[in-house]
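> Structure provided below as structure tokens; questions to follow.
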Amino acid sequence: MSQQSNSQDDKVGTVGRLLYLAGVLNMHVARLRSVSNFDFVVADLACYQDVLTRYAGKRLAEARALEIGYGQRPFRLIALNWIGTDAVGIDLDEPVYDLDLQRIARLLKANGVTRTTKSLVRRAIFDPSEYRKLSSVLRAEFGTGQPFDARRLLSGDASRPAVWSSISGELDLILSEDVFEHIPIERIPPVLEMMAKRMRGDSLAIIAPMIFTGISGGHDLDWYPHRVHEGLDGRTPPWGHLTRQSRPADTYLNELRRSDYRRLFERHFDILEEVDLYHRLGEHHLTGERRAQLAGYSDEDLFANKVRFVLRKR
């Protein structure tokens, strides 16, 4: 387990971790009971196609793409390959999509018993239903698709050249959703440098981190975007992660502001777009009293949340 993960364990503590895992389990159970239509996957593909059309004149189905941080449920990669995109992914963690004894052994070595157990339980109980629903949605939306090859799921540190050596040629599109906020600050410049080396002048990157200073940026289960509209009873204070009034996140966060991402991206890329995916999320919770307690943060900071940056290599 990484140094950042160990440090985070110390902050959260055993009880905090168990409470967090219980909350995550409740969310998975709710998803299992619901009729998930994967609108977000279809919407993401439509966004990627729109960006490629407007800025590069290319078709997504004919592009070579890379996703940085596909996670343990690589829904976007499956969807991209379904429509014909030549897409691969890099993730720091060993994937659990296609399990065998060797992969389980690697999971235990890399992630430890707790995280591996959580991943295996999710893969055995929740994921089969989710993948069936995803296939149904993709078939209804796009027709018969390409089967997914688990060898497209690469594992390694995207800030180091080794994992990139498994990807040949130049890329038309690099994308990353809800990942860059988890990358240690010192590793982001080499990730961006690796990206730039694999992109042509007309290639694009779509990077969408959850900004730390937004109401959902602390990754507090009380303040996930779908819960922001709820009342305050029984919850930590809004923006409590900025005022030390909420529990530490059960994940590493680099705490970068929107302006920090701009500064980092502009070393290698022109920023073509910045799109707020949750416009002024939580504004009704920002009372005068709460605003005074958050005086060190601008409105841009407090309402940033998930921001989609469209980048073109300089």
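> Given the options LEU242, LEU264, name the one that is part of a loop (DSSP other than H, G, I, E, B), modelled with pLDDT of 95 or more and touching a helix residue (DSSP H, G or I) at 6+ places or on another chain (Cβ under 9 Å).
LEU242
> Of everything in the stretch 245-255, what is at pLDDT 95 or above and either outside any loop (DSSP other than H, G, I, E, B) or of a type in the set (D, E, K, R) (or both)? Give them in sequence order.
Of everything in the stretch 245-255, just one residue is at pLDDT 95 or above and either outside any loop (DSSP other than H, G, I, E, B) or of a type in the set (D, E, K, R) (or both), namely GLU255.
> Do the conditions hold for ARG123, that is, is it farther than 16 Å from LEU66 by Cβ, touching a residue at least 12 places away in the same chain (Cβ under 8 Å) and in a helix (DSSP H, G or I)?
yes
> List the pairs whose first member sits in the stretch 158-186 and is free of Cβ contacts under 8 Å to residues at least 12 places away in the same chain, whose second member is surrounded by 13 or more Cβ atoms within 10 Å (Cβ to Cβ) and not β-branched (Val, Ile, Thr), and whose Cβ atoms are under 9 Å apart, counting only residues at least 6 apart or on separate chains?
Sorted first by the residue in the stretch 158-186, then by its partner, the pairs are ALA162/GLY156; GLU186/SER159.
> While we're looking at this one, here's another question. Report whether or not LEU232 is assigned to a loop (DSSP other than H, G, I, E, B) and either at pLDDT 95 or above or charged (D, E, K, R) (or both).
Spelling it out, it is not the case that LEU232 is assigned to a loop (DSSP other than H, G, I, E, B) and either at pLDDT 95 or above or charged (D, E, K, R) (or both).
> Any idea which residue in the stretch 72-105 is surrounded by the most Cβ atoms within 10 Å (Cβ to Cβ), counting only those that are touching a residue at least 40 places away in the same chain (Cβ under 8 Å) and in a helix (DSSP H, G or I)?
Among those that are touching a residue at least 40 places away in the same chain (Cβ under 8 Å) and in a helix (DSSP H, G or I), it is LEU77.
> Which residue pairs have Cβ atoms under 6 Å apart, sit 6 or more places apart or on different chains, and have a first residue in the stretch 299-312 that is on the phi < 0 side of the Ramachandran plot and a second that is β-branched (Val, Ile, Thr) and assigned to a helix (DSSP H, G or I)?
Pairs that qualify, where the first residue is on the phi < 0 side of the Ramachandran plot and the partner is β-branched (Val, Ile, Thr) and assigned to a helix (DSSP H, G or I), are VAL310/VAL51.
> Just to be sure, is THR144 at pLDDT below 80 and hydroxyl-bearing (Ser, Thr, Tyr)?
No; evaluated as a whole, the condition is false for this residue.
> Let me ask something additional. Condition check: part of a helix (DSSP H, G or I) and either on the phi > 0 side of the Ramachandran plot or surrounded by 18 or more Cβ atoms within 10 Å (Cβ to Cβ) (or both). Does LEU52 satisfy that?
Yes, satisfied.
> Output the residues belonging to the stretch 269-295 that are without any contact (Cβ under 8 Å) to a residue 24 or more places away in the chain and part of a loop (DSSP other than H, G, I, E, B).
Matches in the stretch 269-295: ARG280, THR287, ALA295.
> Tell me whether the stretch 196-215 contains one or more residues that are within 26 Å of PRO74 (Cβ to Cβ), part of a helix (DSSP H, G or I) and touching a residue at least 40 places away in the same chain (Cβ under 8 Å).
yes
> Please work out which residue is nearest to LEU92 (Cα to Cα), limiting yourself to the stretch 113-154 and to residues that are small (Gly, Ala, Ser) and exposed (fewer than 15 other Cβ atoms within 10 Å of the Cβ).
The residue in question is ALA150.
> Can you find a residue that is of a type in the set (S, T, N, Q), assigned to a helix (DSSP H, G or I), out of contact with any Phe, Trp or Tyr (no Cβ under 8 Å at 6 or more places or on another chain) and surrounded by fewer than 16 Cβ atoms within 10 Å (Cβ to Cβ) anywhere in the stretch 159-167?
No - not one qualifying residue is present in the stretch 159-167.
The values are calculated or read from the model by the stated rules, or taken from the named source; none is laboratory data. Small disclaimer: the values here were computed from a predicted structure and weren't measured. Glycine gets a Cβ as well: all are built from the backbone with ideal geometry, and neighbour counts include every protein chain shown.
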